[in-house]
Amino acid sequence: MPATTSVLLAQAADPTGGLLLPVLLFAALYLLLIRPQSKRRKEQQRLISSLGDGDLVVTIGGIHGEVAATGEGTVDLVLSRDEAGDPDVVVRFDRAAVARLVERAGAEDAEPDAG
């Protein structure tokens, strides 16, 4: 019994021992969950605000389209074109519905010709 009493007295004398584990758990939670989620959210905001005409995008529903026009909170996507190359189907989406950018407009022009 004296060994148990000395252990209890040692734990009572060290007030930081009880706070160390919760602080370490919070730090691990922040580094593994909160920080990466925040970085993804900021990157998505950057993508949405940088959309321009001609960009090829994919929506959260899996619809592929080309940005035809952008509004304050919306984006018009061309889903298909007729034989003359004019927009045939244009659908308006909320900007938050854009999941990812496939290709920037003019990106193929920036690369030098291979032939």
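A few notes on this one:
- Scanning segment 53-89 for residues that are within 16 Å of Val102 (Cα to Cα) and in contact with a Pro (Cβ under 7 Å, 6 or more places away or on another chain) returns Ala68, Val78.
- Segment 21-52: number of residues that are under 21 Å from Val102 (Cβ atoms) and either outside any helix (DSSP H, G or I) or among the aromatic types (Phe, Trp, Tyr) (or both): 3
- Screening Asp113 on (1) at pLDDT 90 or above; (2) assigned to a loop (DSSP other than H, G, I, E, B); (3) charged (D, E, K, R) shows it passes everything except condition (1).
The values are calculated or read from the model by the stated rules, or taken from the named source; none is laboratory data. None of the values given here were measured: they were computed from a predicted structure. Counting neighbours? That spans all protein chains shown, and the Cβs are built from the backbone with ideal geometry, glycine included.
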